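Structure record follows, encoded as structure tokens.
The values are calculated or read from the model by the stated rules, or taken from the named source; none is laboratory data. Keep in mind that this is a model prediction, so the values were computed, not measured. Backbone-built Cβ (ideal geometry, glycine too); neighbour counts: all protein chains shown. To get the accessible areas, we keep the full protein, side chains included, count just its heavy atoms, and leave off ligands, DNA and RNA. Shrake-Rupley method; radii C 1.70, N 1.55, O 1.52, S 1.80 Å.
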Amino acid sequence: MPGDNVGKPQMVTCTAPVNIAVIKYWGKRNEELILPINSSLSVTLHQDQLKTTTTVASCRSFQEDRIWLNGKEEDVNHPRLQSCLREIRRLARKRRSDGDPSVDVTFLSHKVHICSVNNFPTAAGLASSAAGFACLVYTLAQLYGVEGELSGIARQGSGSACRSMYGGFVQWIMGQRADGKDSVAQQVEPESHWPELRILVLVASAERKPVGSTSGMQTSVETSRLLKHRADSVVPDRLKQMIEAVHKKDFAAFAELTMKDSNQFHATCLDTYPPIFYLNNVSRQVISLVHQYNRHCGETRVAYTFDAGPNAVIYTLQEHLAEFVQVVRHFFPPESNGEKFFKGLPVDHAVLSEELTKDICLEPMPKGISYIISTEAGPGPCVMQDPIQHLLGADALPKKNV
Ligand code: DP6
């Protein structure tokens, strides 16, 4: 627990991952506490490819709380940000009143400077709020010396953020209590459980999404009976099957459940009134491509899922990765080859058979996909030990390159 006797800022820097749900969260029963109408399950993506980095500094001389996101100062009074700050300080105070003398109460009253950056485009629909709030809560907890269950606090920043507090395969248990205390994330399996699993993010468009998740799901809860049916009668069973598929590393079952759940989520968006469209022509071509490819192979080798945007996230196994990437290149001829189009974990070259390209009845869509990020399941939030990684300088303002 850092003291602050000399008026020098105390600083902590951490990183946190993005997660992609295979059983989607869509709809709240309590807007303020962010309590969902159904449980969900996600895979945490590896931070070598996608992560948020956050530095928090605290000092008694700071006049006010301040926050910089991706190089721009933002309003620190955002209610969800304030919820996270308030809850983590409350937890730290509770530790103190429970008899932990290492918690310095005056330190908790000092203002903070927060600086956060993503290593991927914020508006690309890649769950940046999940990584962002998970990172904020984890970093504040390190600063205040708070350990233990923190996903319930990250949840109050953004629902899906609670799942980014763990690595591997993570479920968010919806909980039953009105105060939300039992609505927390839990690791189902660690990232080492299924090393053959590979993930591709196909970035279809880096444009900002038309309807944000928060307001979109609010309208869905108000107007879609399909959403109620999904939450009450479909997800509970599907989640059990998904957990079993993950435990057994049964890719065919995992893939089918993933695709069906993504499709049902987008069906509830269409059932929302007025309807919400997150998928575009590129997304629909990816869906077609995956089904035709699986049919050609005579087994389910690839699965897609889409969040509140047009980008596809693909799950497959290492042994099929090279061929499928080549299939994507064939049907979405890129503007440029090499590193600009393909980022992340390297993939071997594959040659497609004529039979395969003929069997898939699709017109190639040039430049439909702007780039691919190749990744795998990864760990939860991490502390950066080296002070060089701080995003704030000795003056507690963002460093020049941030
Ligand atoms: C489609 O967690 O962004 O990505 O709780 O309002 O911040 P808020 O919503 P958010 O919603 C994510 C929705 C989703 C599905 C999922 O990640 O489970």
Counting only residues that are of a type in the set (Asp, Glu) and within 21 Å of the chain's Cα centre (by Cα), how many does region 139-155 have?
1
Considering residues that are within 10 Å of Cys115 (Cβ to Cβ) and in contact (Cβ under 8 Å) with a residue 24 or more places away in the chain, the number found within region 56-86 is 8
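Yes or no, residue by residue, for (1) modelled with pLDDT under 95; (2) touching a Phe, Trp or Tyr at 6+ places or on another chain (Cβ under 9 Å); (3) open to solvent by 40 Å² or more (accessible area, probe 1.4 Å):
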{"site": "Glu363", "(1), (2), (3)": "no, yes, yes"}
{"site": "Ser370", "(1), (2), (3)": "yes, yes, yes"}
{"site": "Gly380", "(1), (2), (3)": "no, yes, no"}
{"site": "Val402", "(1), (2), (3)": "yes, yes, yes"}
Inspect region 186-196 for any residue being farther than 30 Å from Val282 by Cα, open to solvent by less than 30 Å² (accessible area, probe 1.4 Å), away from the ligand (no atom under 12 Å from the Cβ) and modelled with pLDDT of 95 or more and give the result as yes or no.
yes
Condition test on Val112, is it assigned to a strand (DSSP E or B), hydrophobic (A, V, I, L, M, F, W, C) and either open to solvent by less than 10 Å² (accessible area, probe 1.4 Å) or over 21 Å from Gln385 (Cα atoms) (or both)?
yes
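Taking Thr214, is it in a helix (DSSP H, G or I) and in contact with a Phe, Trp or Tyr (Cβ under 8 Å, 6 or more places away or on another chain)?
no
Matching residues to (1) open to solvent by less than 60 Å² (accessible area, probe 1.4 Å); (2) among the hydroxyl-bearing types (Ser, Thr, Tyr); (3) not in a helix (DSSP H, G or I):
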position	(1), (2), (3)
Leu200	yes, no, yes
Pro210	no, no, yes
Gln218	no, no, no
Glu222	no, no, no
Leu227	yes, no, no
Val234	yes, no, no
Gln241	no, no, no
Considering every residue within region 73-80, establish whether at least one is farther than 30 Å from Ser374 by Cβ and assigned to a strand (DSSP E or B).
yes
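Within region 137-151, which residues are more than 13 Å from the ligand (Cβ to nearest atom) and closer than 23 Å to Gly212 by Cβ?
Result: Val137, single match.
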Only one of these is touching a residue at least 60 places away in the same chain (Cβ under 8 Å), within 16 Å of the ligand (Cβ to nearest atom) and either part of a strand (DSSP E or B) or under 19 Å from the mean Cα position of the chain (by Cα) (or both): Thr44, Thr53. Name it.
Thr44
Test: residue in region 116-136 that is assigned to a loop (DSSP other than H, G, I, E, B), of a type in the set (Ser, Thr, Tyr), away from the ligand (no atom under 12 Å from the Cβ) and surrounded by fewer than 19 Cβ atoms within 10 Å (Cβ to Cβ)
no
Given the criterion in a loop (DSSP other than H, G, I, E, B) and within 25 Å of Arg295 (Cα to Cα), identify the matching residue among Glu355, Glu363.
Glu363
